[in-house]
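The values are calculated or read from the model by the stated rules, or taken from the named source; none is laboratory data. All of these numbers come straight from a predicted model, not from anything done at the bench. Cβ placement follows ideal geometry from the backbone for every residue including glycine, while neighbour counts extend to all protein chains displayed.
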């Protein structure tokens, strides 16, 4: 008689933290995909989202300018506070 071993199935616990790799795949059906797409569209079409996206663009510009200044030696790294 052949014995088989099974791995116990874990139950999802929303209070625990989980991890996965970038290669792991999650499958959505059409209804789930449509819900996510329409939800994101409705959020991104608000005035608040427009302001946040614009602020993000401004942040990217200022971070780029700061990086250029560091690379040019204009801006120096601050010493760590003890």
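Rundown of residues vs (1) modelled with pLDDT under 95; (2) within 20 Å of the chain's Cα centre (by Cα); (3) surrounded by 10 or more Cβ atoms within 10 Å (Cβ to Cβ); (4) at negative phi, yes/no style:
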position: 13; (1), (2), (3), (4): yes, no, no, yes
position: 23; (1), (2), (3), (4): no, yes, no, yes
position: 27; (1), (2), (3), (4): no, yes, no, yes
position: 64; (1), (2), (3), (4): no, no, yes, yes
position: 76; (1), (2), (3), (4): yes, no, no, yes
Pull out all pairs, ordered by first then second residue, where Cβ-Cβ is under 6 Å, the residues are six or more apart or on different chains, the first lies in the stretch 25-44 and is in contact (Cβ under 8 Å) with a residue 24 or more places away in the chain, and the second is surrounded by 10 or more Cβ atoms within 10 Å (Cβ to Cβ). none
For residue 9, indicate whether it is surrounded by fewer than 10 Cβ atoms within 10 Å (Cβ to Cβ) and either at pLDDT below 95 or not in a helix (DSSP H, G or I) (or both). yes
